[in-house]
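The values are calculated or read from the model by the stated rules, or taken from the named source; none is laboratory data. Just so it is clear, the model here is predicted, and its values are computed rather than measured. When we count neighbours, we look across all protein chains shown, and the Cβ atoms used for this are built from the backbone with ideal geometry, even at glycine.
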Amino acid sequence: MRRYFYLYPNKNGFFIVEFLNPETGARLCFRNTQTKIRDEALLIAARWQQDGIPIVKKGRQPVFLRPKTQTVPAIKDLATILKTLEKLPNLDAAGAQQIAEVLRDRGLLEFPTVKAGPGRINFIEYLESFWDYDTSPYVKDRIAHNHTIGRRYCHGNKIKINRYWKEHFSGRVLASVTRAELKKFSLELAKKGLSASYLNGIMKAVTIPLAYATSEGIIAENPAKRFEYFSGKAKKRGVLTPQEAAKLFAIPWKDERVKIGNLVAMTTGCRLGEIQALRKSDIDPNKPILYIRHNWSNSWATKDRLKTPKNGEERRVPLLPEIRMEIERLLKANPHTDNPDPFIFYSSLPDQPLDSVLFLTGFKEACKTIEIDPVARNLVFHSWRHFWVSRMADSIAIDEVARISGHKTRAMVDHYANHLLDEAIEKTAEVGAELFGKILKFE
């Protein structure tokens, strides 16, 4: 075996072995054989060359890591890599992060270390401040560019951060989070039995801040870039039939405000928050028109109150004369006579409408009265929006339905309109049976 080392004693008499690059002859490293006998030192050096050279840290104290030893070719390759890194002119923070991630994947780092900079901030603290509606630069940017973003949405994301992310990433810095960790975390979440949409919401509470941090130069590279989200069908929303709806409103309700609010939802397709926000000035005095100018949100944590409708645009919806009469009757019964523009669906407080829970509770109680199980049918107040779109799609163009209902995409309107398919198929079967029954004898 050819030798690729030299032996010489140090000042204390212990023999030092100096290993050389087999190709260039340059020095690779040196090790202390811990013996003063040359023949023993020679055997030790030969064994190291063949089996592997002990790894040491600074201070020349041997520390046996994984792998415990390195061969001469391995040390030669490492030396080449280190010299390449030293001379690499374009190595930046993003490249250093990639190198650190490779070392982490091999178990040599607990998590990637990054250079000092804005990315060294606490990861969880960054997320919490990112979703703070009053102080977040992201929120201010959205509002400045006329994008809608609500307090409730931001507060919901803060809840997700504390409920799901805080336990796993506590104590970490922003720039240390890797794509592999995000993927592993998402797969662990998938085991919790949550819906695909809610899982995606949990992930977006973090992927959106990460994308923003990258665009603002806080971190060099976005670990969530092109992240794969979950897919799955949401549970189909239940919808009453026209016959069931007629039966529902034929019975007495405990609260007339709740009953009329449900009637407005069924005949206009408005959202619950839009109905809560309706005031006297939203009724056109000369035309059968209802103006949808606001949405109401009064969460104890967000205190949004009156804000713009969901898609940020005002719209007009047709108002049936009979429903208008019911609304005017409510306005006359409003006890807050000092308010020049009172809420149609008033509460005990002059500056707040009836609570949203009462609308939903009243609807479900009425369903149970006519022996319909709202839980089994997945019936909620929003079911009226499905009902309205489905009925309108029977008679008018779906694009016209979208303009009135305030849907942004044709796909969303088609989603609601799909509720009419089963009824249409049954109706076609009935008509076909009657028609062909006169010609052929069917069972």
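Details
- Check on residue 167, farther than 27 Å from residue 273 by Cα, part of a helix (DSSP H, G or I) and of a type outside the set (S, T, N, Q): yes
- Put simply, of 366, 433 the only residue that is assigned to a helix (DSSP H, G or I) and at pLDDT 50 or above is 366.
- Qualifying residue in segment 98-111 (condition: outside the structural domain of residue 20 (by TED's automatic domain parsing), part of a helix (DSSP H, G or I), of a type in the set (A, V, I, L, M) and at pLDDT 85 or above): no
- Scanning segment 194-221 for residues that are in a loop (DSSP other than H, G, I, E, B) and either more than 16 Å from the chain's Cα centre (by Cα) or among the hydrophobic types (A, V, I, L, M, F, W, C) (or both) yields a count of 7.
- Sole exception among (1) within 20 Å of residue 388 (Cα to Cα); (2) loosely packed, with under 13 Cβ neighbours inside 10 Å for residue 337, by number: (1)
- For residue 126, the stated conditions do not hold, so it cannot be described as assigned to a loop (DSSP other than H, G, I, E, B), modelled with pLDDT of 90 or more and within 20 Å of the chain's Cα centre (by Cα).
- Number of residues in segment 228-248 that are under 26 Å from residue 195 (Cα atoms) and either outside any loop (DSSP other than H, G, I, E, B) or not acidic (Asp, Glu) (or both): the value is 12.
- Candidate set: segment 249-287, residues that are in a helix (DSSP H, G or I) and small (Gly, Ala, Ser); chosen: the one nearest to residue 359 (Cα to Cα): 261
- Pairing each residue of segment 138-154 that is closer than 20 Å to residue 214 by Cα with any residue that is among the basic types (Lys, Arg) and exposed (fewer than 12 other Cβ atoms within 10 Å of the Cβ), provided the two are 6+ apart or on different chains, yields no C-beta distance under 8 Å.
- For residue 191: the one exception among (1) basic (Lys, Arg); (2) in the same structural domain as residue 180 (by TED's automatic domain parsing); (3) in contact with a helix residue (DSSP H, G or I) (Cβ under 9 Å, 6 or more places away or on another chain): (3)
- Residues being more than 30 Å from residue 138 (Cα to Cα) and either modelled with pLDDT of 85 or more or within 20 Å of the chain's Cα centre (by Cα) (or both) - total across segment 222-241: 6
- In this entry, residue 149 is excluded by the filter for residues that are surrounded by fewer than 20 Cβ atoms within 10 Å (Cβ to Cβ), in a helix (DSSP H, G or I) and either touching a Phe, Trp or Tyr at 6+ places or on another chain (Cβ under 8 Å) or not polar (S, T, N, Q) (or both).
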